[in-house]
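**Student:** Structure in structure tokens, see below.
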Amino acid sequence: MIKIVGAVVLGVLSANVYGVACETNPNKMGAHYMLEKKLHKQAGSEALTSTSRLALWRRGKEVAHELEDQQVTEVWNLLPNGRVRPVRYFDEYRRGIEYQPNEVEGSTDEKIWAKKTRLITKISKNTMKLLRSQGDGCDKLDYYSAQRKGVHYLLTWSPSKELPVRYKEVTQHYSFTATLTLYEPDESKVDSFFTDRDSYQTTDYADIGDNESDPFLLKMINLGFVSHGASGFYNANGDALESASPHHRH
Amino acid sequence: MKNTLMVSAIATLILSGCGGSSSDSGSSSSDTDNVNRSAMLENTENNSWFGEAKLNVSSAADYTVEAGSAKNIILFVGDGMGISTVTAARILEGQLKGMDGEENVLSFGKFPFSGLAKTYNVDAQTPDSAGTMTAIMSGAKTDVGVIGVDEDIVRGDCSTIAGNELMSALEIAEIAGKSTGVISTARITHATPAATYAKSADRNWEDVSDIEGDDDKVNCDVNDLPEDIASQLVNFESNLEDRFPGLDVDGLEVVMGGGRRHFLPKDAAFNTIDAVSTVEGDRTDGRDLTAEWQSLYTDGNYVIDRAGFNAIDASTAEHIFGLFNESHMHYEADRHNDIAGEPSLREMTEKAIDVLDNNNDGFFLMVESGRIDHAHHAGSAYSALTDTIEFAEAVQAAVDATDSEDTLIIVTADHGHVFTIAGYPKRGNPILGKVVNVGAEAPALASDGMPYTTLGYMNGRGFSHLGDETDADKGYGERINPGRHDLLFIDTESAGFHQEALVPLSSETHSGEDVGIYAMGPGASLVTSTNEQNILFHIMDYAGLLTETADNRLQ
């Protein structure tokens, strides 16, 4: 198997890079993104830019969002009944919190699996206008655009990888850009990523209240940070896009 | 001074086999029996908690209770079912039946005797389930977070387990020849059910990976870790026999609950159709305890879903091992969402009694509603109360299936929660609703100008409104939202409404007040007044003549 880890940045992509990477399995891969949010200068406030990193990992019926700056990883697995079950790992502590399906907002939504694995749903993508395509076969890139409610959306999509290579939305007040910076086709590294998280000590969320003597869980009880991971940018249709700024969702 | 029950028992065997010590010392078989008896209860009898409570029960003649008059004993534990929970569930059940509600009586509210239990642990003013259930089951109060061991244990210290183990009423009943069973809607390795059969320096050591991964454990030999709780459940019979040489018991007849993950290897090949994780099992030692159980009990029924449960013929079943969920079973209101289907607590109770009552020597059964506690932790009164109502139905099923002449039924809680019934709502006001004062039709307004609910929490995650969501834990996906909110247009009676809380915490907490004890059947009159919680063991022991019968059997 050919293993290539390439820096893949939209706009400087070469067809050759994609030509090789395409030989990898899109269902077992990693993709690193740089997320950038810019608040434009306005009356009473200065311009502000924040960045964060998100890694997407796919392995069959498992998908992970690694929030590298926050050292938090969310892993979702697809159940036979179509639901998804989340586990949130705190990489700094090598601990995890297991949720039952339903326990995290959106986990019962059938679209959530598609959102987590593709970052942008087909529905969202299909509501955008295809401007042009470039390249063929594995090298093909599709360029989309949309304008809705004062927001201008731009998407560069790799059909072979089923991944956005670049996503941008711009309003009068802010812009948000997600850029693929590194594609990881090495399946052994994907396995290593998931296996490592799987080795963490985990606790059912329902059990946290009975374990207040555990320093890690006590910290969660007091600070409440466990239930509020950030997320990817899986919504291009204005229905759940998260900020790029490294904050917890409350 | 304290001796080790198990070590003493083994020492007895060793001594009796060393150079004819029996004849050398002049001891007779009755001496050996005495040693056995001493070995069995010495540790617990020398415990000060145990002794004081036993003394109280020794005055039983005043209550005209005949020792041993209870052939069967059923202990119901509503985890976290404090007094306010019982009251609110009573009202909700009544209102669901079309009554005003307040006049309603839960099944166990009709029991002729009741009392209070002081729930504190030896080292904690507000307790946890591990310490309280150990007190209930073994007759001695102990520390928070430990299972089946006394207060000399150091939590997480492997070296302090030996010598501090306590016998449980279920174990003694097993030795006495009774059939035995454990039921829980939580994981069957969770603290409350575990305290009936296991000894552990930490309640979280549910399988071997939990011990290996516990960074806080001390004095543990990584090559010889203590036996995890799940393994102790499957090895219950052999472990008990090892502790009492010559003893022959037939093991737990009924085990039903959740927690399959602690019994399966960490290998996706062992996943069941009901799995919610990519790899369902957690065990890192490669053991499949479900297979081990089936090889031990070839006449047994191992089931994981409702269909398997329904297929069990209770009239002929010898052993049942039901693990209906990877982790905890569902809240009663959310049970329909289980992948493979789960039985209700009432159904499990009925099935268990059908199996256990095949023994002419009687039975001991512990039934826990484990998720009342979890619903409160999540700040969901709806789920806590609907689980309590199902719990009451399970109690009624037990009453209906047994003879009050020979069956002692005790209903209690291990601890309460910071859950309140407040304001001055008028008679019949929906218990899950907003306070409407006497003579009024519109919700009363607080000094902040907003309506408020009758039910609320002192601490926890606070308000969230999730519509008809029946999984209380979904509230954990919402932000912590303490304090007051405008509830005017909120349906606070819906399943997904989570009550307001004052102090913001990620998980609502236990409370430290007394809990109720309700009893019927032989020995029930011993339940009165305000008691240390560990008295419950002694009431069951006295009414069932457990220890004496076990002693006789050991002889």
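The values are calculated or read from the model by the stated rules, or taken from the named source; none is laboratory data. Keep in mind it's a predicted model, so treat the numbers as computed, not measured. A quick note on method: Cβ atoms are made from the backbone with ideal geometry, for glycine too, and the neighbour counts reach across all protein chains shown.
**Student:** I need the full set of residues from the stretch B:370-391 which are touching a strand residue (DSSP E or B) at 6+ places or on another chain (Cβ under 6 Å) and within 14 Å of another protein chain (Cβ to nearest Cβ), in order please.
**Tutor:** Correct list: B:Gly370, B:Arg371, B:Ile372, B:His376, B:Gly379, B:Ser380, B:Asp387.
**Student:** For A:Ala236, state whether it is of a type in the set (A, V, I, L, M), touching a Phe, Trp or Tyr at 6+ places or on another chain (Cβ under 7 Å) and modelled with pLDDT under 70.
**Tutor:** Yes; evaluated as a whole, the condition is true for this residue.
**Student:** Still on this model: If only one of B:Thr126, B:Thr142 is buried (at least 24 other Cβ atoms within 10 Å of the Cβ) and over 16 Å from B:Gly523 (Cα atoms), which one is it?
**Tutor:** Exactly one residue qualifies, and that residue is B:Thr142.
**Student:** I'd like to check something: does the stretch B:229-251 contain any residue that is within 14 Å of another protein chain (Cβ to nearest Cβ) and either under 28 Å from B:Asp274 (Cβ atoms) or at pLDDT 95 or above (or both)?
**Tutor:** Yes, the stretch B:229-251 contains a residue that is within 14 Å of another protein chain (Cβ to nearest Cβ) and either under 28 Å from B:Asp274 (Cβ atoms) or at pLDDT 95 or above (or both).
**Student:** Within the stretch A:35-62, can you find the residues that are in contact (Cβ under 8 Å) with a residue 60 or more places away in the chain and not in a strand (DSSP E or B)?
**Tutor:** Scanning the stretch A:35-62 gives a single hit, A:His40.
**Student:** Please go through the stretch A:181-206 and pick out each residue that is in a helix (DSSP H, G or I), touching a strand residue (DSSP E or B) at 6+ places or on another chain (Cβ under 9 Å) and within 11 Å of another protein chain (Cβ to nearest Cβ).
**Tutor:** A:Phe194, A:Arg197, A:Asp198, A:Tyr205, A:Ala206
**Student:** Let me ask something else about it. If you check B:Val222 against the conditions, is it hydrophobic (A, V, I, L, M, F, W, C), surrounded by fewer than 18 Cβ atoms within 10 Å (Cβ to Cβ) and over 27 Å from B:Tyr331 (Cβ atoms)?
**Tutor:** yes
**Student:** So if I check each of B:Asn358, B:Asn437, which one is surrounded by fewer than 24 Cβ atoms within 10 Å (Cβ to Cβ) and farther than 30 Å from B:Pro482 by Cβ?
**Tutor:** Within the list B:Asn358, B:Asn437, the selection yields B:Asn358.
**Student:** If you don't mind, there's one more thing I want to ask. Anything in the stretch B:284-316 that is more than 16 Å from B:Glu237 (Cβ to Cβ), out of contact with any helix residue (DSSP H, G or I) (no Cβ under 6 Å at 6 or more places or on another chain), in contact (Cβ under 8 Å) with a residue 40 or more places away in the chain and of a type outside the set (A, V, I, L, M)? List them, or say none.
**Tutor:** B:Arg287, B:Phe309, B:Ser315
**Student:** Moving to a separate point now. Out of all the residues in the stretch A:84-99, which are free of Cβ contacts under 8 Å to residues at least 40 places away in the same chain and at the interface with chain B (Cβ under 8 Å from one of its Cβ atoms)?
**Tutor:** A:Arg85
**Student:** Can I ask one more? Cβ-Cβ below 6 Å, separation at least six or inter-chain, first residue in the stretch B:317-333 and within 12 Å of chain A (Cβ to nearest Cβ), second surrounded by fewer than 24 Cβ atoms within 10 Å (Cβ to Cβ) and in a strand (DSSP E or B): which pairs?
**Tutor:** B:Ser327/A:Asp204
**Student:** Are any residues in the stretch B:423-473 under 28 Å from B:Ser507 (Cα atoms) and of a type in the set (Asp, Glu), and if so, which ones?
**Tutor:** Of everything in the stretch B:423-473, those that are under 28 Å from B:Ser507 (Cα atoms) and of a type in the set (Asp, Glu) turn out to be B:Asp448, B:Asp468, B:Glu469, B:Asp471, B:Asp473.
**Student:** Mind checking whether some residue in the stretch B:254-263 is assigned to a helix (DSSP H, G or I), away from chain A (no Cβ under 14 Å) and either crowded, with 20+ Cβ neighbours inside 10 Å or basic (Lys, Arg) (or both)?
**Tutor:** Yes, there is a match, as at least one residue in the stretch B:254-263 is assigned to a helix (DSSP H, G or I), away from chain A (no Cβ under 14 Å) and either crowded, with 20+ Cβ neighbours inside 10 Å or basic (Lys, Arg) (or both).
**Student:** Could you say which residue among B:Ala397, B:Ala413, B:Ala401 is in contact with a Lys or Arg (Cβ under 6 Å, 6 or more places away or on another chain) and among the small types (Gly, Ala, Ser)?
**Tutor:** B:Ala397
**Student:** Are there any pairs, at least 6 apart or on different chains, whose C-beta atoms fall under 9 Å, with the first in the stretch B:212-226 and within 14 Å of chain A (Cβ to nearest Cβ) and under 16 Å from B:Asp285 (Cβ atoms) and the second of a type in the set (S, T, N, Q) and surrounded by fewer than 16 Cβ atoms within 10 Å (Cβ to Cβ), and if so, which?
**Tutor:** As it stands, the answer is B:Gly213/A:Ser199, since those pairs meet every condition given.
**Student:** Continuing with the same structure: What single numbered condition from (1) within 14 Å of another protein chain (Cβ to nearest Cβ); (2) surrounded by fewer than 24 Cβ atoms within 10 Å (Cβ to Cβ) fails to hold for B:Asn531?
**Tutor:** (1)
**Student:** Report, by residue number, each residue of the stretch B:119-153 that is closer than 17 Å to B:Met167 by Cα, over 19 Å from the mean Cα position of the chain (by Cα) and either within 13 Å of another protein chain (Cβ to nearest Cβ) or not β-branched (Val, Ile, Thr) (or both).
**Tutor:** B:Glu151, B:Asp152
**Student:** Same structure, new question: Hey, can you tell me all the residues within the stretch B:247-263 that are within 17 Å of the chain's Cα centre (by Cα) and among the aliphatic types (A, V, I, L, M)?
**Tutor:** Passing the criteria: B:Leu252, B:Val254, B:Val255, B:Met256.
**Student:** If a residue must be away from every other protein chain (no Cβ under 14 Å) and either without any contact (Cβ under 8 Å) to a residue 60 or more places away in the chain or of a type in the set (Gly, Ala, Ser) (or both), how many such residues does the stretch B:154-175 contain?
**Tutor:** Summing the residues that are away from every other protein chain (no Cβ under 14 Å) and either without any contact (Cβ under 8 Å) to a residue 60 or more places away in the chain or of a type in the set (Gly, Ala, Ser) (or both) in the stretch B:154-175 gives 7.
**Student:** Which numbered condition in (1) more than 10 Å from chain B (Cβ to nearest Cβ); (2) in a loop (DSSP other than H, G, I, E, B); (3) loosely packed, with under 15 Cβ neighbours inside 10 Å is the only one that A:Gln70 fails?
**Tutor:** All conditions are met except number (3).
**Student:** Could I ask something else about it? Identify, please: which residue in the stretch B:61-104 is within 12 Å of B:Val515 (Cβ to Cβ) and among the hydroxyl-bearing types (Ser, Thr, Tyr) and is, among those, surrounded by the fewest Cβ atoms within 10 Å (Cβ to Cβ)?
**Tutor:** B:Ser84
**Student:** Might you let me know whether the stretch A:225-232 holds any residue that is farther than 27 Å from A:Gly60 by Cα, at the interface with chain B (Cβ under 9 Å from one of its Cβ atoms) and at pLDDT below 80?
**Tutor:** There is at least one residue in the stretch A:225-232 that is farther than 27 Å from A:Gly60 by Cα, at the interface with chain B (Cβ under 9 Å from one of its Cβ atoms) and at pLDDT below 80.
**Student:** Output the residues belonging to the stretch B:373-432 that are part of a helix (DSSP H, G or I) and free of Cβ contacts under 8 Å to residues at least 40 places away in the same chain.
**Tutor:** B:Asp400
**Student:** Can I ask one more? Inside the stretch B:441-473, can you point out the residues that are within 14 Å of another protein chain (Cβ to nearest Cβ), touching a residue at least 40 places away in the same chain (Cβ under 8 Å) and not polar (S, T, N, Q)?
**Tutor:** B:Tyr457, B:Met458, B:Gly460, B:Arg461, B:Gly462, B:Asp471, B:Ala472, B:Asp473
**Student:** While we're on this one: Mind telling me which of the residues B:Leu170, B:Leu233, B:Leu166 ends up being assigned by TED's automatic domain parsing to the domain that holds B:Ala352, under 16 Å from B:Leu323 (Cβ atoms) and buried (at least 23 other Cβ atoms within 10 Å of the Cβ)?
**Tutor:** The conditions single out B:Leu233.
**Student:** If you don't mind, another one. Kindly provide the set of residues from the stretch B:256-298 that are of a type in the set (A, V, I, L, M) and in contact with a Gly (Cβ under 7 Å, 6 or more places away or on another chain), ordered by number.
**Tutor:** Listed by number, the residues that qualify are B:Met256, B:Leu264.
**Student:** Using the structure shown, decide if B:Ser238 is hydroxyl-bearing (Ser, Thr, Tyr), assigned to a helix (DSSP H, G or I) and crowded, with 16+ Cβ neighbours inside 10 Å.
**Tutor:** no
**Student:** Kindly provide the set of residues from the stretch B:523-555 that are among the β-branched types (Val, Ile, Thr) and closer than 16 Å to B:Glu171 by Cα, ordered by number.
**Tutor:** B:Ile539, B:Thr547, B:Thr549
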